[in-house]
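**Q** This structure is in structure tokens; I'll ask about it shortly.
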Amino acid sequence: MTLYAAIFYLLGIVILAATGLAVTRRQPVHAVLYLIVAFLGTAALFFLLGAPLLAAFVVIIYAGAIMVLILFVIMLLQRSPRDLRLLSEWGPAVLLGIIFLAVAVATVFKDPGSRIVLQAAVAQPRDFGRFLFERYWLAVEIVSILFLVALVAILHLGKRREADDDEDEVNSVRNPNAAKEGHS
Amino acid sequence: MIVPLGHVFLLAGIVFALGLFCLVAHRNLIMTLIGVEVMMNAAAIAFVAAALRWRLMEGQAFVLFILAVSAAEISLGLALVVSLYRRTGSIDPDRYDILKW
């Protein structure tokens, strides 16, 4: 086992343990903290697999921006349900998922291509950026339009609507139970 | 010489399954969104491994787009959660029964 392989298995254990702890926490804040560990492990894994630019992006976007965003939203919301769902609600889905995973693993390992040992190689950030903007510049522009659409949608959702409030008031005047029913 | 390709795919598959578990088992919309993030992360791991296996940079370019889409998705999802919380005072999806009849 080479040094690279040892690092890979160590990172794999860290990622699996942190993700497993994150998805079983009842408290979302704890889940987010474990998830940051998992994403840092993923970034190190990307570095090992020869994608240093993507490793930097994962640290900046996933571990930095998205997790801080989720933390802020958790702070905005006061009461959040802590309990898990009943086993009978998601048990069958998990059973099917395990079967699917077993079949997928069997298929992957039956393929002799899966036993090909990866050779270490690095895509230098400069080469990667040049490749991206020479061959896939249109996709990059489309992604920027996607961000614009998301921004507009978020502004629209986040805006307090006076019209709705007026409507609620009218409803509550006309029918005092309507407003209560909405909150029950 | 790192590891066989199948081992990286196995890691990605298990992480994806954990994300799926998080998606279906929690009664909290924020944990649901976290599950989606974990699943996208697993897909990114598989893509980077495939990019290294075939020595094509398309895989890494696709991971960049996965990052962008998941950033847009999580910000829009959180905005929806906050909007729903303002309207109903809860982030338990079982309590959104205003359309139930």
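**Q** Given the conditions (1) within 30 Å of B:Ser90 (Cβ to Cβ); (2) surrounded by 15 or more Cβ atoms within 10 Å (Cβ to Cβ); (3) not hydrophobic (A, V, I, L, M, F, W, C), report the number of the one that A:Thr42 does not fulfil.
**A** Going through the list (1) within 30 Å of B:Ser90 (Cβ to Cβ); (2) surrounded by 15 or more Cβ atoms within 10 Å (Cβ to Cβ); (3) not hydrophobic (A, V, I, L, M, F, W, C), A:Thr42 breaks only (1).
**Q** Okay, next question. Does segment A:112-127 contain any residue that is over 24 Å from the mean Cα position of the chain (by Cα) and farther than 30 Å from A:Ala5 by Cβ?
**A** No; the residues of segment A:112-127 include none that is over 24 Å from the mean Cα position of the chain (by Cα) and farther than 30 Å from A:Ala5 by Cβ.
**Q** Of all the residues that make up segment A:70-89, how many are loosely packed, with under 14 Cβ neighbours inside 10 Å and either touching a residue at least 12 places away in the same chain (Cβ under 8 Å) or within 17 Å of B:Val69 (Cα to Cα) (or both)?
**A** 2
**Q** What single numbered condition from (1) facing chain B (nearest Cβ under 10 Å); (2) in a helix (DSSP H, G or I); (3) more than 26 Å from B:Leu52 (Cβ to Cβ) fails to hold for A:Ala139?
**A** For A:Ala139, the exception is condition (3).
**Q** Output the qualifying pairs, or none if there are none: Cβ atoms under 9 angstrom, residues six or more apart or on different chains, first residue in segment A:94-122 and over 18 Å from B:Ile14 (Cβ atoms) and polar (S, T, N, Q), second residue modelled with pLDDT under 85 and surrounded by 15 or more Cβ atoms within 10 Å (Cβ to Cβ).
**A** What qualifies is A:Gln119/B:Ile2.
**Q** Exactly one of (1) free of Cβ contacts under 8 Å to residues at least 24 places away in the same chain; (2) touching a Leu at 6+ places or on another chain (Cβ under 8 Å) is unmet by A:Leu49. Its number?
**A** With respect to (1) free of Cβ contacts under 8 Å to residues at least 24 places away in the same chain; (2) touching a Leu at 6+ places or on another chain (Cβ under 8 Å), A:Leu49 is out only on (1).
**Q** Given the conditions (1) within 26 Å of A:Leu3 (Cβ to Cβ); (2) outside the structural domain of A:Tyr4 (by TED's automatic domain parsing), which single one is not true for A:Leu54?
**A** Unmet condition: (2).
**Q** For B:Ile45, state whether it is surrounded by 20 or more Cβ atoms within 10 Å (Cβ to Cβ), free of Cβ contacts under 8 Å to residues at least 60 places away in the same chain and touching an Asp or Glu at 6+ places or on another chain (Cβ under 7 Å). Talk me through it step by step, then tell me what you get.
**A** Working: surrounded by 20 or more Cβ atoms within 10 Å (Cβ to Cβ): yes; free of Cβ contacts under 8 Å to residues at least 60 places away in the same chain: yes; touching an Asp or Glu at 6+ places or on another chain (Cβ under 7 Å): no.
It is false that B:Ile45 is surrounded by 20 or more Cβ atoms within 10 Å (Cβ to Cβ), free of Cβ contacts under 8 Å to residues at least 60 places away in the same chain and touching an Asp or Glu at 6+ places or on another chain (Cβ under 7 Å).
**Q** Every residue in segment A:1-60 that is among the aromatic types (Phe, Trp, Tyr) and more than 23 Å from B:Phe65 (Cα to Cα), please. Steps first, answer last, please.
**A** Pass one, segment A:1-60, residues among the aromatic types (Phe, Trp, Tyr): A:4, A:8-9, A:34, A:39, A:46-47, A:57.
Result: A:Tyr4, A:Phe8, A:Tyr9, A:Tyr34.
The values are calculated or read from the model by the stated rules, or taken from the named source; none is laboratory data. Not measured: the values here are computed from a predicted model. Ideal geometry is used to build each Cβ from the backbone, glycine not excepted, and the neighbour counts take in all protein chains shown.
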